[in-house]
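What follows draws every value from the coordinates through simple rules; no lab data is involved. Computed from a predicted structure; not experimentally measured. Counting neighbours? That spans all protein chains shown, and the Cβs are built from the backbone with ideal geometry, glycine included.
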């Protein structure tokens, strides 16, 4: 179950990132390296985590012309990343080129709609009214499936429609995870760990609830307990 929980190493240096993995302890086996840490440390931090026996979700949200993204995917995969993101808004040709460049050891995920965007803000971006973010997520998830990507990144609020578009296979990775009653900060569409797994997430990404905790290991254990509870509830109702 712990492999379904990805802790986001949203820190500016590799030294801080590796120190956090020590504080969280061996129970966490999956970490996310995002733009901040990757810009600071490059692929070396991915390799350092792999040397510690950790899986890595490399969240670069690649978005460029097809050839550039394909070459970036190949280089990123070579660092040992197990999961890697591209932006679904790059279009079908870019997604297909990325999928062709990815080796079997790296699963490509299409980022649909960021959890910092709600319907009014997405409408401003698209230049037209948006009634439901979920409809946009469904369309982009269908693009990802057509391009043979391994899954999507979306809010847990959109996970059920994403699954409808992806079919029974494929990863649904949901960021924007908060404990009940906690501050949402710059996230507009957050969910608790239990809500995310009940909605169909295959993995959740947890950042501040663990990183900002006085005891990161205890915070991770709390998330893991919530995940087990949600899994037990799904098994009971299924």
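The distance linking region 104-170 with region 43-74 is 21 Å (Cα centroid to Cα centroid, whole angstrom).
Available extension along the chain between residue 19 and residue 51 is 10.1 nm, counting 0.36 nm per residue and deducting the alpha carbon span. Taken over the Cα atoms of the chain, the convex hull encloses 123 Å³ per residue. Taking only the C-alpha atoms of region 116-171, the Rg (one decimal) and the largest Cα-Cα distance, Dmax (whole number), read 11.5, 33 Å. Ordering 82-91, 51-60, 141-150 by mean Cβ neighbour count within 10 Å, with the highest value first, yields 82-91, 141-150, 51-60. Hey, if you drop one equal point scatterer on each alpha-carbon of region 29-165 and run the Debye formula without solvent, what base-10 log of I(q)/I(0) do you get at q = 0.10, 0.11 Å⁻¹? Evaluating at q = 0.10, 0.11 Å⁻¹ gives log10 I(q)/I(0) of -0.33, -0.40.
A straight line joining the Cα centroids of region 75-96 and region 7-25 runs 24 Å.
In the chain, the DSSP-assigned H stretches of four residues or longer account for a calculated mean residue ellipticity at 222 nm of -14000 deg cm²/dmol, using -39500 (n - 2.57) per stretch and the full residue count as denominator.
Computing FRET efficiency as 1/(1 + (r/R0)^6) for residue 27 and residue 75, where r is the C-beta to C-beta distance and R0 is 30 Å, gives about 0.45.
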